[in-house]
Each structure stands twice: as C-alpha cells, then as structure tokens.
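Colleague: Just passing along the structure, written as structure tokens.
The values are calculated or read from the model by the stated rules, or taken from the named source; none is laboratory data. All of these numbers come straight from a predicted model, not from anything done at the bench. Every residue, glycine as well, gets a Cβ built from its backbone with ideal geometry; the counts of neighbours run over all protein chains shown. When the accessible area is computed, the model is the full protein with side chains, heavy atoms only, and any ligands, DNA or RNA have been set aside. Shrake-Rupley method; radii C 1.70, N 1.55, O 1.52, S 1.80 Å.
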Amino acid sequence: MVSTNEFKTGMTINYEGNLFQIIEFLHVKPGKGPAFVRTKLRNLRSGAVIDNTFNAGVKVERAHIERSSMQYLYAMGDSYVFMNNETYEQLEIPVANLTHERKFLLDGMEVKIMLFESEVLGVELPEKVTLEVTEAEPGVKGNTASNVTKNIVVETGYALQAPMFIEAGEKIIINTTTGDYVSRA
C-alpha cells in the first residue's frame, strides 16, 4: 500500500480494480477543508486518461509492473512477435493492443514489455526513433514562410507533418510519445 502523500509521476497503482499509471499529480491545501491530491491517471489496459481526486493520506494499492527488455521480430497475422534477449523466449502481442506503438516499430528494435502478473499491458518504445522517409510532397518554390510544413510518410507507413526541406530517402527523428517530427538524423 502507498499513501497519496507518496505519489510520484510514473508510479503505477491498482485502483478500483484497474491498473493506472500516474501521469501528473498536485497536492492541494485549500484554506478551508482538508487537503487533497488531484491526479491525472492513465489506464494501462485501455489507455484512457482520467482525472481523479484523492483525499490526502488515503492508502492505495501499489501495482508492481515488471518491465522486460525484448526485441521486436516480425508481424504475424493479427499479432506482433517479440523475443526476450536473455532467454530467447518469444511472446506474441495482439495488434489491437499496439495501436499507437505499431506506427514506430521496426524489425530488430529494442523495446520494453510491461507485464503485470504475466498479463501483457503494453510496449514501452524508446523516447525517439529514427525512421526513413519513403514519401514526401514536393516543396513549393517561394513558400518560405516560417514553420511551413508538408505531409510525409515514413517506412512504417506512419504519416506526419515535417518541414519543407525534408525529402524522400532522408532519415528523420520522431518523438514516439507525440508522433511529431524532431529533427534530421
């Protein structure tokens, strides 16, 4: 059990039968009434983000999430296959569980698999990935206004906005959390 006074960003808790990761929290001490903790929680099973308020000092069960380093091997039908680098055991994760992550997965990529009591919760990608641009709209000559972007597609099939100077064949760095262009590789 963990008290709301001990909350930290990234901590995982078991609350109302669901597993949540604390995205952000704020201890509030109003002039009148008792103190409370305002939190933003991400459901690790569904990915939904909720706002919740706890009274100060309330105890919540802490969920111990195991993270194991694995390598993405290949897509097989409606699942993705990962391999543990130490034991060489393979693990299949359904495509439905990786809606956001599959935009950035490349064969051989090292990722962290989150497990709770042998239940696969998801995949933690590196913060930034380097991908090759396969399609890029041509830049319009004379369009030099600041922050002008164009549509591009990277090797995984993910489409995003990038600056006008990015061309097909270049490698770019993408933030996996937001899905935004960061820089050239």
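Colleague: Would you mind working out the accessible area per residue for the chain, using a 1.4 Å probe, and quoting it in Å²? Don't skip to the end; give the middle numbers.
Modeller: Values: 10860 Å² over 185 residues.
Solvent-accessible surface per residue comes out at 59 Å².
Colleague: Given 139, 93, 7, which one lies farthest toward the positive end of the charge dipole of segment 1-150, if we put +1 on the Cβ of every Lys and Arg and -1 on the Cβ of every Asp and Glu?
Modeller: Sorting the options by dipole projection puts first 7.
Colleague: Follow-up. Please give the length that would be gained between residue 75 and residue 158 if that part of the chain were fully extended, namely 0.36 nm times their separation in residues minus their C-alpha to C-alpha distance (nm, one decimal).
Modeller: On the way: separation 83, 0.36 × 83 = 29.88 nm, distance 1.60 nm.
28.3 nm is the gain from fully extending residue 75 to residue 158.
Colleague: Considering the values [x] 19.0, 65; [y] 20.7, 63; [z] 15.3, 44, which represents Rg and Dmax of the Cα atoms in Å as calculated for the structure under consideration?
Modeller: Computed from these coordinates, Rg and Dmax of the Cα atoms in Å corresponds to label [y].
Colleague: Using the per-residue mean of other Cβ atoms lying within 10 Å as a proxy for protection, in what order, highest first, do the peptides 39-51, 152-164 fall?
Modeller: Numbers: 39-51: 14.3, 152-164: 16.2.
The most tightly packed comes first, giving 152-164, 39-51.
Colleague: Separate question: With a 1.4 Å probe and all protein chains left in place, how much of the accessible area of the chain comes from carbon and sulfur atoms, in whole percent?
Modeller: Numbers: 5230 of 10860 Å².
That share works out to 48 percent.
Colleague: So how strong a dipole does the chain carry about its Cα centre when Lys and Arg Cβ are +1 and Asp and Glu Cβ are -1, to the nearest 20 debye? Don't skip to the end; give the middle numbers.
Modeller: Working: 18 positive and 24 negative charges, 216 e Å.
My answer is approximately 1040 debye.
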